[in-house]
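Read the figures in this text as sums done on the coordinates, not as results from a lab. In this text the structure is predicted, and so the values were computed from the model without any measurement. Here Cβ is always computed from backbone atoms with ideal geometry, including for glycine, and neighbour counts include all displayed protein chains.
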There are 2 protein chains.
Amino acid sequence: MTFSLTILGSNSAIPSLTRNPSAHLLNVNERLFLIDCAEGTQLQIRKFHVHFQRIERIFISHLHGDHFFGLIGLLNSLHLLGRKEELHLYGPPLLKDILDLQLEASKTVLNYPLFFQPLSSPGYELIYGNEKVSVFSFPLTHSVPTWGFIFREKEHLRKIRKEITEKMKIPFSYLLKLKMGEDYTDPSGKVYRNEELTADPPSPKSFAYCSDTLYDEKIIPYIHDCDLLYHEATFMQDMLQSAKDKMHSTAMEAAWMAKKAHVKKLLIGHFSARYDDLQPLLDEAQSVFPGTILAEDGMSINI
Amino acid sequence: MTFSLTILGSNSAIPSLTRNPSAHLLNVNERLFLIDCAEGTQLQIRKFHVHFQRIERIFISHLHGDHFFGLIGLLNSLHLLGRKEELHLYGPPLLKDILDLQLEASKTVLNYPLFFQPLSSPGYELIYGNEKVSVFSFPLTHSVPTWGFIFREKEHLRKIRKEITEKMKIPFSYLLKLKMGEDYTDPSGKVYRNEELTADPPSPKSFAYCSDTLYDEKIIPYIHDCDLLYHEATFMQDMLQSAKDKMHSTAMEAAWMAKKAHVKKLLIGHFSARYDDLQPLLDEAQSVFPGTILAEDGMSINI
């Protein structure tokens, strides 16, 4: 099943001509989840050839402009382009008021149902689940209420070993039970253990999104062992004090978080506009956590 | 004196990768006025190398997203980049609430004074004036309250004919009086008529901005004889009914307006995303009003 992330914006607050501010698109089995939506995100979506009517859910981490100023424009364009399908939105409670006021001002009644679920939990909370994935929110430590998200694939079904089941002529109606781990009893009463007939499925993957935040180890239990951790890295370590003052993290801190949480890969982003060349941020993070990669607008990662 | 217009966005509602929605920058004697501010305007400003801290006043015609969704991002970036100078904003009353709510949500207190003047007049009204220019608003006919603007240079002072005044040794202290049209009496009591000592100044220029609107001749008295008329031309005449339904104008209607109002030049813009090739819109308008030009992102016009 597809489980991939596309970076739509890797910059922090101020948009530049080379890097847009935060927006990320997660493809979970061809259902698209948008995570944050800075100004210009709808153009990034076009630029990178995403079919944006397929976006099903939008998650907004917090109400700083570089994470949501593009949302109202995207919602409006979906409306103008004839969307009819439901759209689900998760974000801080005030987001609803901000959108409603702008829709009211333009006398716009959206053509599609928009369901809003406010984030409010001070702990780890399931905010969405379907047959393939569960999404949890957890609080980050920033200057306004901010949430991180973790997207966890559900356990896959066991894989049928066709070469055996076909030879044994196990009835089709039994296969789902095998996938779910049951043993098989043949017409003569002989029992075959599930392990003989199926193979282990791939292990479920997970993606954690942490932007914006101070370095704070309280989140480790939530993101522990995840396959890909996105952690903001607004500054380098020589600007640690600036990072703390602005309640952001450094590349080195992001790497420490990845290491302490035993994640498999680290993706750093939300770079300050002061950095034209990002290689020093990558070097700094890799010195602590070698499995670090740099976010780059348009880049896709199979998780 | 400089009196020029730069197009920052020539498209209607939906942003495309080739044309941004509405935003226009008027340079009046090196003081910059921004007229409408669609999503992505701050990037257009960068792309076309405008020093955006020099923007002094912003005029928002109405609260459809393609005319103001970029405003909050621009205000926020000006703040983050350290602006201290006053900024003056003119727009429909609800605009203030929309901005305030978003600033409150992000706990942002702008570093610079932002003065907001609500548009409300049902007629022709002076909304700003300095020693060089007067700005008037007037109502347009659209699906939400919408205002047009006209920027009128003030009468220039008369031009001193130096070759004469220097020869006559007219004292420096007298020159301003000459510029203002007074006659000159020399020490012997002889009177020289002003016309002998000065030349006519260039006639004051004017720029009228009309977007979005149904074709409505009620605005003719406000824009009559202006040097440059920007009039929206969302559709071509074969889509007149769509234009009417959506309370927009066609290229041909914009040209009729230009002709009936005896303007010197017509600039059409706010094109529907359906038109990749704009030549047919230009041809249609020029068939009625030959002095028509097409808005194009990045283009500048000396008025």
Quiz item: What Kirkwood hydrodynamic radius do you get for chain A when you take the inverse of the mean 1/r over all pairs of distinct Cα atoms, in Å?
Solution: 20.7
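With the cut-off at 1.5 for a/c, could you classify segment A:1-144 from its C-alpha gyration tensor as rounded, prolate or oblate? List each step's numbers first, then the result.
Values: a/c = 1.09, a/b = 1.08, b/c = 1.01.
Rounded is the answer for segment A:1-144, as its axis ratio a/c remains below 1.5.
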Quiz item: How many angstrom separate the Cα center of segment A:136-152 from the Cα center of segment B:138-183?
Solution: 59
Quiz item: DSSP beta bridges in chain B, what fraction antiparallel, as a percent rounded to 5?
Solution: 55
Quiz item: So who's got an amide H within less than 5 Å of the one on B:D183, skipping anything under 5 residues away but keeping other chains? H placed 1.01 Å off N, in plane.
Solution: B:N194
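So what is the 222 nm mean residue ellipticity for chain A from helices alone, if each DSSP H run of at least 4 adds -39500 (n - 2.57) and you divide by all residues, rounding to the nearest 500 deg cm²/dmol?
Details: 11 runs with 76 residues, N = 303.
Dividing the helical sum by the residues of chain A leaves -6000 deg cm²/dmol.
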Quiz item: Anyone know which of B:K84, B:K264, B:K169 comes out most mobile in the 10 Å Cα GNM of chain B?
Solution: B:K169
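Starting with the fewest neighbours, write out A:F172, B:F235 ranked by other beta-carbon atoms found within 10 Å of each beta-carbon. Could you put the intermediate results ahead of the total?
On the way: A:F172 8, B:F235 26.
Least crowded to most crowded, the residues run A:F172, B:F235.
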Self-check item: Long-range HN-HN contacts of B:C226 with modeled amide H, under 5 Å
Solution: B:K264
Exercise. With a ≥ b ≥ c taken as the square roots of the eigenvalues of the C-alpha gyration tensor of segment A:159-199, please select rounded if a/c is under 1.5 and otherwise prolate if a/b is larger than b/c or oblate if it is not?
Key: rounded
Practice problem: May I ask you to list the residues of segment B:132-169 whose amide nitrogen lies under 18 Å from a point 7 Å from Cα along the Cα→beta-carbon direction of B:R193? | Solution: B:158-161, B:164-165
Quiz item: Can you give the net charge of the other residues whose Cβ lies under 13 Å from the Cβ of B:K162, counting K and R as +1 and D and E as -1?
Solution: +4
Self-check item: Size of charge dipole - segment A:159-199 - debye, nearest 20, with Cβ of Lys, Arg +1 and Asp, Glu -1, no other charges
Solution: 120
Quiz prompt | Under 16 Å from B:K169, Cα to Cα: aspartates and glutamates that are on another chain or at least 8 residues apart | solution = B:D183, B:D186, B:E196
Quiz item: How large is ³J(HN,Hα) for each residue in segment B:45-58, as worked out from phi by the Karplus curve 6.51 cos²θ - 1.76 cosθ + 1.60 (θ = phi - 60°), to whole Hz, x for Gly and Pro?
Solution: 4, 5, 4, 9, 6, 8, 7, 6, 5, 7, 5, 10, 9, 10
Quiz item: Relative to the longest principal Cα axis of chain B, at what angle does helix B:251-260 sit, 0 to 90 degrees, rounded to 10?
Solution: 30
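Can you give the net charge of the other residues whose Cβ lies under 13 Å from the Cβ of A:Q237, counting K and R as +1 and D and E as -1? Kindly include the intermediate steps, with their values, before the conclusion.
Details: positive: A:K244; negative: A:D238, A:E253, A:D283, A:E284.
Value of the local net charge: -3.
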Quiz item: Short version: ³J(HN,Hα) in whole Hz for each residue of segment B:153-159, in order, from phi by Karplus 6.51 cos²θ - 1.76 cosθ + 1.60 (θ = phi - 60°), x for Gly and Pro, what are they?
Solution: 4, 7, 3, 7, 5, 5, 8
Quiz item: How many angstrom separate the Cα center of segment A:272-299 from the Cα center of segment A:1-57?
Solution: 19
Exercise. Return the single residue from A:E56, A:E153, A:E196 with maximal mean-square fluctuation; model: Gaussian network over chain A, springs between Cα atoms under 10 Å.
Key: A:E196
Practice problem: Quick one: with label points 7 Å out along Cα→Cβ, list the inter-copy distances for B:T18 in nm, shortest first? | Solution: 2.8
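Just to verify a number: FRET efficiency for B:N111 and B:D283, C-beta to C-beta distance, R0 = 51 Å, to 0.05?
Working: r = 49 Å, r/R0 = 0.96.
Computed FRET efficiency for B:N111 and B:D283: 0.55.
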Practice problem: Provide an ascending nm list, one decimal, of label-point separations from B:Q279 to the equivalent residue in each further copy; define each label point as 7 Å from Cα along Cα→Cβ. | Solution: 4.7
Quiz prompt | Choice from A:S77, A:S206, A:S249 showing the highest fluctuation, given a GNM over chain A with Cα pairs closer than 10 Å | solution = A:S77
Quiz item: Once the other residues with Cβ under 12 Å from the Cβ of B:F33 are scored (Lys, Arg +1; Asp, Glu -1), what is the net sum?
Solution: +1
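Provide A:S22, B:S287, A:S143 in ascending order of the number of other Cβ atoms located within 10 Å of each residue's Cβ, fewest first.
Numbers: A:S22 31, B:S287 13, A:S143 16.
Going from sparsest to densest Cβ surroundings: B:S287, A:S143, A:S22.
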Quiz prompt | For B:M299, residues with placed amide H under 5 Å, excluding near neighbours | solution = B:I7
Quiz item: Which values of log₁₀ I(q)/I(0), to two decimal places, follow from the Debye formula for segment B:168-303 at q = 0.10 Å⁻¹ with a uniform point scatterer at every Cα?
Solution: -0.47
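With 10 angstrom as the radius, rank B:T141, A:T2, A:T213, A:T165 by how many other C-beta atoms surround their C-beta, starting from the fewest. Show your work: numbers first, answer last.
Values: B:T141 15, A:T2 12, A:T213 26, A:T165 19.
Ranked by crowding around the Cβ, least crowded first: A:T2, B:T141, A:T165, A:T213.
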Quiz item: What are the nm distances, shortest first, from A:V191 to its equivalents in the other copies, labels at 7 Å along Cα→Cβ?
Solution: 12.7
Exercise. Return the sequence-ordered ³J(HN,Hα) values of segment B:135-142 in whole Hz as given by the Karplus equation 6.51 cos²θ - 1.76 cosθ + 1.60 applied to θ = phi - 60°, using x for Gly and Pro.
Key: 10, 10, 10, 8, x, 9, 10, 9
Quiz item: If you build the Cα gyration tensor of the protein assembly as shown and take the root of 5 times each eigenvalue, what three semi-axes come out, in whole angstrom, biggest first?
Solution: 60, 29, 19
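Quick one: which of A:K47/A:K246; A:K132/A:K218; B:K47/B:K205; B:K84/B:K107; A:K154/A:K177 span more than 23 angstrom between C-alpha atoms? Please report the intermediate quantities before stating the final value.
Numbers: A:K47/A:K246 31 Å; A:K132/A:K218 27 Å; B:K47/B:K205 28 Å; B:K84/B:K107 18 Å; A:K154/A:K177 17 Å.
With Cα atoms farther than 23 Å apart: A:K47/A:K246; A:K132/A:K218; B:K47/B:K205.
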Self-check item: Those aspartates and glutamates that a straight Cα-Cα span of less than 17 Å connects to A:K265, excepting residues fewer than 8 apart in one chain
Solution: A:E153, A:D225, A:D227, A:E232, A:E253, A:D283, A:E284, A:E296
Quiz item: Given +1 on the Cβ of Lys and Arg, -1 on the Cβ of Asp and Glu, and no further charges, what dipole in debye does chain A carry about its Cα centre, rounded to the nearest 20?
Solution: 980
